[in-house]
1. Return the residues of the stretch 257-272 that are open to solvent by 10 Å² or more (accessible area, probe 1.4 Å) and assigned to a helix (DSSP H, G or I); say none if nothing qualifies.
2. Before we move on, is Ser2 modelled with pLDDT of 95 or more and either touching a His at 6+ places or on another chain (Cβ under 7 Å) or open to solvent by less than 60 Å² (accessible area, probe 1.4 Å) (or both)?
3. Please work out if Gln294 is surrounded by 24 or more Cβ atoms within 10 Å (Cβ to Cβ) and touching a Pro at 6+ places or on another chain (Cβ under 9 Å).
4. Could you tell me which residue of the stretch 204-225 is surrounded by the most Cβ atoms within 10 Å (Cβ to Cβ), considering only residues that are within 11 Å of the chain's Cα centre (by Cα) and either over 13 Å from Met247 (Cβ atoms) or of a type outside the set (A, V, I, L, M, F, W, C) (or both)?
5. Are there any helices (runs of 4 or more DSSP H) wholly within the stretch 144-256 with 1 or more residues that are modelled with pLDDT under 95, and if so which?
6. Could you tell me which of the residues Ser124, Ser104, Ser115 is part of a strand (DSSP E or B), farther than 24 Å from Ala181 by Cβ, open to solvent by less than 10 Å² (accessible area, probe 1.4 Å) and among the polar types (S, T, N, Q)?
7. Among the residues of the stretch 127-143, which ones are assigned to a strand (DSSP E or B) and over 14 Å from Tyr166 (Cα atoms)?
8. Pairs please, first residue from the stretch 196-211 and over 16 Å from Thr238 (Cβ atoms), second anywhere and at pLDDT below 95 and of a type in the set (D, E, K, R), Cβ atoms under 8 Å, 6+ apart in sequence or on different chains.
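The values are calculated or read from the model by the stated rules, or taken from the named source; none is laboratory data. Note that the coordinates shown come from a computational prediction; the quantities given were computed from them, not determined experimentally. No Cβ is skipped: glycine too gets one built from the backbone with ideal geometry, and neighbour counts run over all protein chains shown. Heads up: the accessible areas ignore ligands, DNA and RNA and are worked out on the full protein's heavy atoms, side chains in. Shrake-Rupley method; radii C 1.70, N 1.55, O 1.52, S 1.80 Å.
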Amino acid sequence: MSLRNLCKFGLACAIILTVPTLRAADATLLKKTGSVTMTPKGGQPTELNVNDKIPDGATVKTGPGAEAYLQPIDGAVATMKANTTLEIGTGNATINLKSGNLVSTIDPAKKANYSVHTPKGVASARGTAFSTVVDGVNVTIASTADAVTFTIGNQIMTISAGQVSYTPPGATQPSAPVPLAQAAASNPAIMQMVQTAVQTMASVVQNNVGNMSAASATTLATQVVAVASAAAPEQAATFTSQVVTAMTSPTASTATSAATTTTAIASVAAAAAQAAPGQAAQVASAAVQAAPAQTGVVTSAVSQAVPSASTAVVNSVAQTTGQSTASVQTQSDAAQSQGAVVVSSVTTTNSAIISQQTTTPTPTTPSPAPTPVSQPTQTQQQATTTPVIDPSVTTPVSPAGG
C-alpha cells in the first residue's frame with residue numbers, strides 16, 4: 001500500500017508526526033574568545049575555530065576567560081561561558097551540560113526543539129532565553145524570557161520568565177521555582193547569572209549571532225532586560241545601556257532599518273522602566289546617551305510606560321543630552337504615537353514578568369509527567385561605545401552555595 005493510501009487511514013501520517021525532530025547537521029562554532037577545545041568521541045582534543053563543525057558526541061570545553069557561541073541546531077544559540085564543559089548530543093539531542101554556565105537563546109520565530117540535559121533533569125524550551133549552571137550535583141536554571149520546562153524523572157515543573165529553580169544548600173533536588181529577585185537577594189551567584197544573561201543577549205544582538213531576525217531579537221532582548229531590571233531594579237539603567245548600545249551597532253540583528261532600530265531601542269527602554277519604575281528617569285537617560293538620535297521616541301515611550309515619572313524623565317534626558325526641557329518635551333510630544341505603540345507591545349509581557357518578582361509562590365510538588373518517553377541527550381558599558389563583553393566576569397560560581 002502506498003504512503004498516500006496509508007495516510008488516508010491516518011497510519012503512516014501518524015507515524016511520521018510522532019518521529020522526534022532530528023538535527024539536520026553538525027553543531028557549529030559561531031563566535032569565540034579565548035581557548036575553546038573540542039574532543040571527538042574517542043579522539044584527542046583540538047582547538048576549535050569559528051565556523052568549525054562539531055560532530056555528535058563531541059565534548060567542547062572553554063578555558064579560563066573564554067567564551068563560545070555554538071549553534072547546535074538551527075534557531076538556537078548556546079553560549080558557553082568560561083570553564084564550561086558540554087557534550088553535543090546525538091540524534092534528536094541538543095546539549096548535555098557537564099559543568100559550568102550555559103546561556104541559551106532560542107529564536108521565537110523558529111521555535112527550535114531545544115533541550116539542555118543536566119545531572120538532575122532536562123530543561124526544554126522553544127523560543128525563549130534561559131541560563132543553566134551545573135556545579136557538581138547542583139543545578140540552577142533561570143528563565144529570562146518566556147518559560148522553560150524542567151523534567152526531573154517523571155516529574156515536570158514550569159519555570160516562567162523571571163523565575164529560577166536551584167539546588168538549596170544541603171538539598172539533593174532543585175527547588176520549586178521562585179522569583180529571581182527573591183533568590184538573588186540572598187545569593188550573589190544567581191544575580192551573577194542575571195547579569196551574564198544580559199551581557200550575552202547584548203553580544204548576540206550586537207554581532208547577529210545565529211542570524212536572528214530583528215523582530216525575534218527585539219522580543220528576546222526586551223524580555224531579558226525586563227526580567228533583569230525587575231530582579232535588580234538598581235541595575236536597570238546598566239542593563240538598558242548594554243543592550244541599547246549593542247542595538248546601535250551596524251552589525252546588530254536589529255539594524256535592518258532605521259525604523260526597526262528605533263522600535264527596538266524604545267522597546268528595551270520602556271520594558272526596563274516598567275519593570276523598575278523607580279529607575280525610569282535613569283533608564284531613559286541611559287538609553288538616549290547610548291542612542292542620542294532616539295531621544296524623542298525613548299522619552300515618549302518611557303514617559304508613557306511610567307506616567308508618574310514623566311516630568312523626571314524629561315528633566316533627566318534634558319540634562320543628559322544638554323538640551324532644554326522644552327526641546328526634549330517637544331521631541332517627546334512629536335513621537336507620542338510611536339511611543340504608545342511601543343508601550344502597548346511590551347505591557348502585556350511585562351505584566352507577567354513583573355508579577356513573578358512581586359509574588360512569592362507557594363512551594364508545590366511538581367506535577368506528574370505524562371508517560372515518560374526517551375529524552376534527548378543534549379560591567380556597565382560605556383554608553384557611547386560598542387559594548388565589549390568580558391567573559392572573565394562570568395566564571396561560574398555555585399548558585400547552590402555549596
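1. Residues satisfying the conditions are Ala258, Ala259, Thr260, Thr261, Thr262, Thr263.
2. No; evaluated as a whole, the condition is false for this residue.
3. no
4. Once the filter is applied, the top-ranked residue is Gln223.
5. Filter on the stretch 144-256 gives 180-186, 188-206, 214-231.
6. Ser115
7. Ala129
8. Final answer for the pair search is Gly210/Asp107.
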